[in-house]
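The values are calculated or read from the model by the stated rules, or taken from the named source; none is laboratory data. Being a predicted model, the structure only gives us computed values, none of them experimental. A quick note on method: Cβ atoms are made from the backbone with ideal geometry, for glycine too, and the neighbour counts reach across all protein chains shown. Side chains are part of the model used for accessible areas, which takes the heavy atoms of the whole protein and leaves out ligands, DNA and RNA. Shrake-Rupley method; radii C 1.70, N 1.55, O 1.52, S 1.80 Å.
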Amino acid sequence: MRISAMDTRKLTDVLRATIDPNNRQQAEEQLSQIHKIIGFAPSLLQVVMLTDVDMPVRQAGVIYLKNLVTQHWADKEAEPGQPLPFSVHEQDRAMIRDAIVDAVVHAPDLIKVQLSVCVSNIVKHDFPGRWTQIVDKISIYLQNPDAAGWTGALMCLYQLVKNFEYKKPEERGPLNEAMNLLFPMIYQLCVRLLPDQSEQSVLLQKQLLKIFFALTQYVLPLDLISREVFSQWMEVVRAVADRPVPEQTNTVDEEDRVDLPWWKCKKWALHILYRMFERYGSPGNVTKEYKEFSEWYLKTFSAGILEVLLKILDQHRRKIYVSPRVLQQTINYINQAVSHAFSWKFLKPHMFAIVQDVLFPILSYSAADEELWNTDPYEYIRVKFDIFEDFVSPVTAAQTLLHSCCKKRKDMLQKTMHFVMQVLTSPNADPRQKDGALHMVGAVADVLLKKKVYKEQMDNMLCQYVFPEFGSPRGHMRARACWVLHYFSEIKFKQEAVLAEAVRLTTNALLTDMDLPVKVEAAIALQMLLNAQDKVQKYVEPQIKPITLELLKIIRETENDDLTSVMQKIVCTYTEQLMPIAVEMCQHLAKTFSQVLETDEGSDEKAITAMGLLNTIETLLTVMEEQPEIIAQLQPTVLHVVGHIFSQSVMEFYEEALSLVYDLTSKNISPDMWQVLEMMYQVFQKDGFDYFTEMMPALHNYVTVDTPQFLSNENYILAMFNMCKSVLTGDAGEDPECHAAKLMEVIILQCKGQIDQCIPSFVELVLQRLTREVKTSELRTMCLQVVIAALYYNPLLLFETLEKLQMAATHTESITSHFIKQWIHDTDCFLGLHDRKLCVLGLCTLLSTSTARPMAVNECASQIIPSLILLFDGLKRAYIAKAQEGEEEEEDEDDSDVDQEVLSSDEDEIDDTGAEYLEKLQEKVTKAGGPFNVAAYIQGEEDDDSDDEDYEPNEETALEGYTTPLDEENCLVDEYVIFKEILQNIQANDPVWYQTLTGHLTTEQQKALQEVIVLADQRKAAAESKRIEQSGGYVFNQQTVPTSFNFGGTPLGR
């Protein structure tokens, strides 16, 4: 069946009906019936392009087309046993590829935008393979003198380039080939358009600059763009940055001016300038393929570009409008230029004037700030603390530039501080200027604190210029005073009285100030002081309850994420004092969480805040975990939150909710919490196994914290088994599969002797998994471990199970023998304490089954003791590593006066280690075939390649935190002692078997075996003395025990 062109009228009617609420449902059903028919997509494109059809109908059509192309363009693989999923027929795709560029060119703007999304998708799947003609089409329109076709052609070209924007150089072949033809054309077009400042022309120029940016933002293709061509483009970009905007733009309201094409075009020009300098033109900070280029860039362009940028700053200084993003990128470029001696010499004569006349006003409290503070303090707080704002704000850029020049260039700090003091001491300085001066001091705080001259005077500066502002009638000055304390929180106070006063003023601001932004700044300053100064704790303590309650209130009012971390700090610091109000706190946080969820319009900020609230509740549970009565009171509130997240399927918070379940089941498990297990099982079934690894810590608690209760209801163990089965038979990936096998192993060891009926299903499940492809040794050993645990649980039951499985199987080799051979072959894959210990106990069980000893044990007899020696050697290392864990102390930072960071005027700041490190990293990534280009600049990373050969793998495995009875501190099962006893037993009662096991050992191996036996005696003696000591008896002299051992050790957290 096909749709003929005659049906476009009918299609138009159906589309019209989709806009009419009364007929919408019927019309959508009609569309879903016909959209799979060959000929539908091209007809739809025809309708969209009919000029006599009214706009809303054409829009409905183009949106349907866009969805069709984004969802069903590419051929899809059929799932096994499923019908082939629908995709647009190749015949239709060919017709659309033929027509789409022309359609973009001729369509009105509203339609163009949607069609360009189609172009993007088609390029992604069909370029260059099935669609090289896009390049020819674009080139025809660009060469045509008729300007009407340029906008659409450039839109298509932009989509083509965007598809390659983040690809590695070696994947850009097709793009570079296309650009060999098109790049000169777009340059010619640009030069032709430059003199014309009309809106239409400037919009085209903007599109051309966006194409250049997308083409060069991550890779500068030096073979495509020669130095000559690069210079031509830089001239164009410089001209755009330099030219004045038309006079009439100044009549437009400032808020709307940003969106005018002239300013947008300038913004892209500055984007390009900064990106080229920072990524390819900054010697010492570029990867090696741009080393020569960067030196050429710096020498060739610094003078010309800086001249234009200084002019832009001068305009701003003279109060002529410059858009915020243009100002920000200009400052960023200058910041980069401070580091290089060559560009610094152009800047040096102007730099202090820039600090005084440009940066200082930007850093001062503005009229816009004031308006926002007064009309919408909540929005004021949101903007000031928005991390996304930092990427675009001139204020952040100004702060960074001030910091760079004070830190890196001689005399700049001293001149800046001299200027700041003039402002602060001037009797008639405007409070806004004082705000700017204090903002400048805070911005260079870390530089000041490293210099003796200034460090000495810090107490005085705070007392004279900062403390008085806490009493200022102007809210913004009180907020700034708190902000300065936050940045100077690490001062080494000469007099404790000054510290005490700082704390008093901050606390007072938090508790009594009437302006919300002041309270927020005070709270953060308080956190910073608590972090940096041990003595603060005692000063805050008397008021800790009102502080906490106030903080809860502000968190609810502002939903500010920075404040949740303040709360976490306070909860950890004052656990004991907060016990009486813990329940009230928890209820308050939970209610705020619900409030954030209810008003969440899917914004990132809301999600970050909600996450912070859940983390704060978790902190509260963690610090109160030794207080069972408080935990019991907190539980209903926390359960309410968890229930909300699970029942409403708020997936982005599943991880946090599961952490809360873990906290509530760590010490004991209430009847309500057993119901939560059922809830988790429902979540697992509903949302698949994506969250199984996050569930694991809580599931482990359910098995181990109250095992009798776990075993009292067979549904519990059944739910666990079903989850493990889904994970091990689905395609969850090997990490969740390892967790599933671990959970089964924990259940077997935890419930020894009580779950005979489950063993066969557990064993069958993991053996089946081992018959399919296993990529990692971790998963193979975890599956083997389940069978080894079953062997340790009850050898006869295991062999019986394996025999039954054998009868059902078709292949000839005995399953038992296959398992034993695989296990002994893989002994070296068992790592960490627990896995090796279980492996030893399993092998000991094998050795001691005399009556029903499987054939394979005899066949592998000569390998068993060598395998055990290997395991004991690993165990010895693992016990030593565990004993040393707590012994590593950090050294104190030394407190020296740092001046070597200042560069003399003819010196560059070069990041040698960073560049070298990046290259090494890039080589590794390239070897690994990763898709990433490592970021062009990582600061201060040390090159530590030389240590690679000393790398010791960690002696602890990731899953070892899920403990079993074998891992407990006072576990009576000692693998060394058991091995020794079994071996002696065999020697006495079955000398032939003993000879088979040990007869072929080399002298090395005999020596190692002897050491294990000696160790077994030492461990036994040590355990005995510990028991006597604990019962208050005689204390043995510990001479015989090697000092490097720590018996048992504490079980790991998670």
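Restricting the range 335-358 to residues that are among the aliphatic types (A, V, I, L, M) and touching a Cys at 6+ places or on another chain (Cβ under 9 Å) leaves a set whose member that is nearest to M276 (Cα to Cα) is V338.
Suppose we filter Y681, Y691 for residues that are under 17 Å from S726 (Cα atoms), more than 26 Å from the chain's Cα centre (by Cα) and open to solvent by less than 60 Å² (accessible area, probe 1.4 Å); which single one remains?
On the way: Y691 fails: more than 26 Å from the chain's Cα centre (by Cα).
Going through Y681, Y691 in turn, just one is under 17 Å from S726 (Cα atoms), more than 26 Å from the chain's Cα centre (by Cα) and open to solvent by less than 60 Å² (accessible area, probe 1.4 Å): Y681.
Applying the condition of being open to solvent by 10 Å² or more (accessible area, probe 1.4 Å) and among the β-branched types (V, I, T) to the range 710-756 and asking which residue is nearest to the chain's Cα centre (by Cα) yields T729.
Return the total of residues in the range 222-250 being open to solvent by 10 Å² or more (accessible area, probe 1.4 Å) and either β-branched (V, I, T) or in a loop (DSSP other than H, G, I, E, B) (or both). Give the derivation first.
Of the residues in the range 222-250, the ones open to solvent by 10 Å² or more (accessible area, probe 1.4 Å) are 222-224, 226-229, 231-232, 235, 238-239, 242-248, 250.
With either β-branched (V, I, T) or in a loop (DSSP other than H, G, I, E, B) (or both) added as a condition, the list becomes 222-224, 226, 229, 243-246.
The total comes to 9.
Evaluate the following for L614: is it within 22 Å of the chain's Cα centre (by Cα), crowded, with 18+ Cβ neighbours inside 10 Å and touching a residue at least 24 places away in the same chain (Cβ under 8 Å)? Step through it out loud before you land on a result.
Numbers: within 22 Å of the chain's Cα centre (by Cα): yes; crowded, with 18+ Cβ neighbours inside 10 Å: yes; touching a residue at least 24 places away in the same chain (Cβ under 8 Å): yes.
Taking the combined requirement at face value, the residue satisfies it.
Give me the residue from the range 569-611 that is closer than 18 Å to E656 by Cα and of a type in the set (S, T, N, Q) and, out of that set, most open to solvent (accessible area, probe 1.4 Å). Among them, the one singled out is Q587. Can you spot a residue in the range 973-994 that is modelled with pLDDT of 50 or more, assigned by the TED database to the domain that holds P866, outside any helix (DSSP H, G or I) and surrounded by fewer than 16 Cβ atoms within 10 Å (Cβ to Cβ)? The answer is yes, given that some residue of the range 973-994 is modelled with pLDDT of 50 or more, assigned by the TED database to the domain that holds P866, outside any helix (DSSP H, G or I) and surrounded by fewer than 16 Cβ atoms within 10 Å (Cβ to Cβ).
Selection of the range 49-74 for residues being within 14 Å of K36 (Cβ to Cβ) and either of a type in the set (G, A, S) or not in a helix (DSSP H, G or I) (or both) yields only W73.
Out of D386, D435, report the one residue that is outside any helix (DSSP H, G or I) and in contact with a helix residue (DSSP H, G or I) (Cβ under 9 Å, 6 or more places away or on another chain).
Values: D435 fails: outside any helix (DSSP H, G or I).
That would be D386, the only listed residue that is outside any helix (DSSP H, G or I) and in contact with a helix residue (DSSP H, G or I) (Cβ under 9 Å, 6 or more places away or on another chain).
Of everything in the range 1-24 that's loosely packed, with under 11 Cβ neighbours inside 10 Å and either within 19 Å of R93 (Cα to Cα) or under 44 Å from the mean Cα position of the chain (by Cα) (or both), which residue is modelled with the highest pLDDT? Selected residue: P21. Across the range 405-424, not a single residue is classified as in a loop (DSSP other than H, G, I, E, B), open to solvent by less than 70 Å² (accessible area, probe 1.4 Å) and among the polar types (S, T, N, Q).
Results for (1) touching a Ser or Thr at 6+ places or on another chain (Cβ under 7 Å); (2) among the hydroxyl-bearing types (S, T, Y); (3) over 26 Å from P708 (Cβ atoms), shown as yes or no for each residue.
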site	(1), (2), (3)
V641	no, no, yes
F646	no, no, yes
S649	no, yes, yes
N668	no, no, no
M673	yes, no, no
E678	no, no, no
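Here's the yes/no breakdown for (1) modelled with pLDDT of 95 or more; (2) over 42 Å from the mean Cα position of the chain (by Cα); (3) under 20 Å from D109 (Cα atoms); (4) crowded, with 20+ Cβ neighbours inside 10 Å:
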| site | (1), (2), (3), (4) |
| --- | --- |
| Y141 | yes, yes, yes, yes |
| D146 | no, yes, yes, no |
| G149 | yes, yes, yes, yes |
| A153 | yes, no, yes, yes |
| C156 | yes, no, yes, yes |
| V161 | yes, no, no, yes |
| P174 | yes, no, no, no |
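Apart from one condition, S649 fits all of (1) more than 26 Å from the chain's Cα centre (by Cα); (2) among the hydroxyl-bearing types (S, T, Y); (3) at pLDDT below 95; the exception is (1).
Which one is nearest to L363 (Cα to Cα) among residues in the range 280-336 that are of a type in the set (A, V, I, L, M) and assigned to a loop (DSSP other than H, G, I, E, B)?
To start, the set of residues in the range 280-336 that are of a type in the set (A, V, I, L, M) comprises 286, 298, 303, 305-306, 308-310, 312-313, 320, 322, 326-327, 331, 334.
When the remaining residues are screened for being assigned to a loop (DSSP other than H, G, I, E, B), the result is 286, 320, 322.
Details: V286: 31, I320: 18, V322: 16 Å.
Filtering the range 280-336 for residues that are of a type in the set (A, V, I, L, M) and assigned to a loop (DSSP other than H, G, I, E, B), the one nearest to L363 (Cα to Cα) comes out as V322.
For the criterion of being at negative phi and touching an Asp or Glu at 6+ places or on another chain (Cβ under 8 Å), T592 passes. Do we find that S659 is in the same structural domain as D687 (by the TED database), more than 20 Å from Y574 (Cα to Cα) and without any contact (Cβ under 8 Å) to a residue 12 or more places away in the chain in this structure? It is false that S659 is in the same structural domain as D687 (by the TED database), more than 20 Å from Y574 (Cα to Cα) and without any contact (Cβ under 8 Å) to a residue 12 or more places away in the chain. Looking at (1) open to solvent by less than 30 Å² (accessible area, probe 1.4 Å); (2) of a type outside the set (A, V, I, L, M); (3) free of Cβ contacts under 8 Å to residues at least 40 places away in the same chain, which is the one condition that is false for Q527? If we test Q527 against (1) open to solvent by less than 30 Å² (accessible area, probe 1.4 Å); (2) of a type outside the set (A, V, I, L, M); (3) free of Cβ contacts under 8 Å to residues at least 40 places away in the same chain, just (3) comes out false.
Do we find a residue being under 30 Å from F721 (Cβ atoms), buried (at least 16 other Cβ atoms within 10 Å of the Cβ) and in contact (Cβ under 8 Å) with a residue 24 or more places away in the chain anywhere in the range 617-627?
In the first step, residues of the range 617-627 are kept if they are under 30 Å from F721 (Cβ atoms); the result is 618, 621, 625.
Okay, now just the ones that are also buried (at least 16 other Cβ atoms within 10 Å of the Cβ), so 618, 621.
Subsequent filtering for residues that are in contact (Cβ under 8 Å) with a residue 24 or more places away in the chain retains 618, 621.
Among the residues of the range 617-627, at least one is under 30 Å from F721 (Cβ atoms), buried (at least 16 other Cβ atoms within 10 Å of the Cβ) and in contact (Cβ under 8 Å) with a residue 24 or more places away in the chain, which makes the answer yes.
A residue that is touching a helix residue (DSSP H, G or I) at 6+ places or on another chain (Cβ under 9 Å), open to solvent by 50 Å² or more (accessible area, probe 1.4 Å), outside any helix (DSSP H, G or I) and over 17 Å from L347 (Cβ atoms) occurs somewhere in the range 251-260.
For residues that are open to solvent by less than 40 Å² (accessible area, probe 1.4 Å) and part of a helix (DSSP H, G or I), tally how many sit in the range 115-131.
Step one: filter the range 115-131 for residues open to solvent by less than 40 Å² (accessible area, probe 1.4 Å), giving 115-116, 118-123, 126-127, 131.
Of the ones still in play, those that are also part of a helix (DSSP H, G or I) are 115-116, 118-123, 126.
Qualifying residue count, the range 115-131: 9.
Restricting the range 865-920 to residues that are at pLDDT below 90 and among the β-branched types (V, I, T) leaves a set whose member that is most open to solvent (accessible area, probe 1.4 Å) is I910.
The test for being of a type in the set (A, V, I, L, M) and either without any contact (Cβ under 8 Å) to a residue 12 or more places away in the chain or in contact with a Leu (Cβ under 6 Å, 6 or more places away or on another chain) (or both) holds for A78.
In the set (1) more than 37 Å from the chain's Cα centre (by Cα); (2) modelled with pLDDT under 95, L181 fails one condition alone, (2).
So, G39, is that one in contact (Cβ under 8 Å) with a residue 24 or more places away in the chain, open to solvent by less than 70 Å² (accessible area, probe 1.4 Å) and touching a strand residue (DSSP E or B) at 6+ places or on another chain (Cβ under 6 Å) or not? So that I can check it myself, show each step before the final result.
Working: in contact (Cβ under 8 Å) with a residue 24 or more places away in the chain: yes; open to solvent by less than 70 Å² (accessible area, probe 1.4 Å): yes; touching a strand residue (DSSP E or B) at 6+ places or on another chain (Cβ under 6 Å): yes.
Taking the combined requirement at face value, the residue satisfies it.
Would you mind listing the helices (runs of 4 or more DSSP H) fully within the range 725-815 where at least 2 residues are small (G, A, S)?
On the way: elements: 734-750, 759-771, 777-793, 795-808.
Helices (runs of 4 or more DSSP H) meeting the threshold: 734-750, 777-793.
Has the range 825-847 got at least one residue that is more than 14 Å from L959 (Cβ to Cβ), open to solvent by 10 Å² or more (accessible area, probe 1.4 Å) and aliphatic (A, V, I, L, M)? No, there is no match, as no residue in the range 825-847 is more than 14 Å from L959 (Cβ to Cβ), open to solvent by 10 Å² or more (accessible area, probe 1.4 Å) and aliphatic (A, V, I, L, M).
Could you list, in sequence order, the residues of the range 709-760 that are in contact (Cβ under 8 Å) with a residue 60 or more places away in the chain and under 23 Å from V774 (Cβ atoms)?
Residues of the range 709-760 in contact (Cβ under 8 Å) with a residue 60 or more places away in the chain: 738-739, 742-743, 745-746, 749-750, 752.
Passing the criteria: C738, H739, K742, L743, E745, V746, L749.
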